[in-house]
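These notes concern the structure reproduced below.
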Amino acid sequence: MYDLIGDIHGYATPLKMLLNKLGYVERDGIWRHPGRKVIFLGDFIDRGPEQVETVRIARTMVEAGQALAVMGNHEFNAVGWDTPHPDNPGQTLRPRSEKNRRQHREFLDQVGENSRRHREIIDWFKTLPLYLDLDGLRVVHACWHPGHLDNLAGCLDAGGRVLPKAWPELHRKGTKSNEAVENILKGPEVRLPADSEFADADGHFRRNVRIQWWDAEGITYRDLAIVPPEVIESIPHEPIVEDIVPEYAGDKPLFVGHYWLSGTPAPLTPHIACLDYSIAATRGQSYQSHGILCAYRWQGESILDPDNFLWVPGSAASRH
Ligand SMILES: [Mn+2]
């Protein structure tokens, strides 16, 4: 049976507290449980203070057969940042713009940019599958979308790992493969109808909005938009015309991360749980987290149970 753990973003001390709370014990540097394994939902890196240690914990568990893991958008981006562009000499698959560097700088500083450790971590990220479809449960970082998963088939091996030759195509804007990987690792976005826009948390006006794809009842842009509550009124109450909600079948429970939820952890629907509760949410430049690190202790059930969520507060372990 599995314990699923959401986005960690370099908060290794809360991760150890959470593993401890779940009954895992560290022996010879590897965390183990006599009867259970972890599934990590991706986003090990960026933002937090102990990214190298976070990767070490997850990687040693995976390599010792004590855990499984899927890739998050931050690992996908880290590979692109580090991979030479096949057609543009001197460039990388993910452009090294100032904005992209800012998002990745904590990681680069902590691993030592271009160091041997950096290379080894990137090589490990490349081994992470994009999704897991196991007996009794499914796992993906942001969105389970069967159509997009089908579109990725030519880019992945039988274990869901990216084929070495497929990295450039997955990073190339405008390809079906890029659209698919963005959808499953970052979740679907929809363009608002003409003249509609909203101000995001940074005050930038945006016309694309992330949607609660798991909400099968939602009909309008406003029903499904993921925006700060103070701007929800600027999202139109018109039906979404595009066929963008994948309507999860519900035959197995599905676990995702990615969505920076807050409040008391609970299932999103009877069959879908998000385990990202914003461990990397901080104020200003400090690492002081006001989020939590969340897990779900799965006992084989097909209907998710609110009592099976466990968590530790990020604040209890901050070093700053
Ligand atoms: Mn993410």
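The values are calculated or read from the model by the stated rules, or taken from the named source; none is laboratory data. Quick caveat, the model's predicted, so the values are computed rather than measured. Because the Cβ atoms are built from the backbone with ideal geometry, glycine has one as well, and the counts that use them run over all protein chains shown. Protein only, heavy atoms only, side chains kept; ligands, DNA and RNA dropped before computing areas. Shrake-Rupley method; radii C 1.70, N 1.55, O 1.52, S 1.80 Å.
Sub-6 Å Cβ pairs linking a first residue in the range 73-84 that is of a type outside the set (Lys, Arg) to a second residue that is near the ligand (Cβ under 10 Å from one of its atoms), at least 6 apart or interchain, are ASN73/LEU185; ASN73/LYS186; HIS74/ASP43; HIS74/ASP46; PHE76/LEU185, ordered by first then second residue.
When HIS118, HIS145 are checked against the criterion of being in the same structural domain as ILE272 (by TED's automatic domain parsing) and either β-branched (Val, Ile, Thr) or within 16 Å of the ligand (Cβ to nearest atom) (or both), HIS145 stands alone in meeting it.
Here is a yes/no grid of residues against (1) more than 16 Å from the ligand (Cβ to nearest atom); (2) in a loop (DSSP other than H, G, I, E, B):
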| site | (1), (2) |
| --- | --- |
| VAL52 | yes, no |
| VAL55 | no, no |
| HIS74 | no, no |
| PRO89 | yes, yes |
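Given the options SER286, SER196, SER262, name the one that is open to solvent by 10 Å² or more (accessible area, probe 1.4 Å), among the small types (Gly, Ala, Ser), within 16 Å of the ligand (Cβ to nearest atom) and at pLDDT below 95.
SER262
May I ask you to list the residues in the range 157-193 that are within 21 Å of the chain's Cα centre (by Cα), loosely packed, with under 13 Cβ neighbours inside 10 Å and not charged (D, E, K, R)? Answer for the range 157-193, where residues must be within 21 Å of the chain's Cα centre (by Cα), loosely packed, with under 13 Cβ neighbours inside 10 Å and not charged (D, E, K, R): GLY159, LEU163. The set of residues in the range 220-259 being within 16 Å of the ligand (Cβ to nearest atom), under 19 Å from ASP200 (Cα atoms) and open to solvent by less than 30 Å² (accessible area, probe 1.4 Å) consists of HIS258, TYR259. Against the list (1) outside any strand (DSSP E or B); (2) within 16 Å of the ligand (Cβ to nearest atom); (3) in contact with a strand residue (DSSP E or B) (Cβ under 9 Å, 6 or more places away or on another chain), the condition GLY65 fails is (2).
Selection of the range 132-150 for residues being surrounded by fewer than 19 Cβ atoms within 10 Å (Cβ to Cβ) and either within 16 Å of the chain's Cα centre (by Cα) or not charged (D, E, K, R) (or both) yields LEU132, LEU134, GLY136, PRO146, GLY147.
Inside the range 193-246, can you point out the residues that are of a type in the set (Lys, Arg) and either touching a residue at least 12 places away in the same chain (Cβ under 8 Å) or within 25 Å of PRO270 (Cα to Cα) (or both)? ARG207, ARG210, ARG222, listed by residue number.
Any residue in the range 69-88 that is closer than 30 Å to GLY250 by Cβ, of a type in the set (S, T, N, Q) and crowded, with 16+ Cβ neighbours inside 10 Å? Yes: one or more hits. GLU50 falls short of the stated requirement of being free of Cβ contacts under 8 Å to residues at least 40 places away in the same chain and in the same structural domain as ILE292 (by TED's automatic domain parsing). Under the condition of being open to solvent by less than 40 Å² (accessible area, probe 1.4 Å), away from the ligand (no atom under 12 Å from the Cβ) and under 18 Å from the mean Cα position of the chain (by Cα), the residues counted in the range 267-278 number 4. Considering the range 1-23, and only residues there that are in contact (Cβ under 8 Å) with a residue 40 or more places away in the chain, more than 16 Å from the ligand (Cβ to nearest atom) and part of a loop (DSSP other than H, G, I, E, B), the residue that is surrounded by the most Cβ atoms within 10 Å (Cβ to Cβ) turns out to be LEU22.
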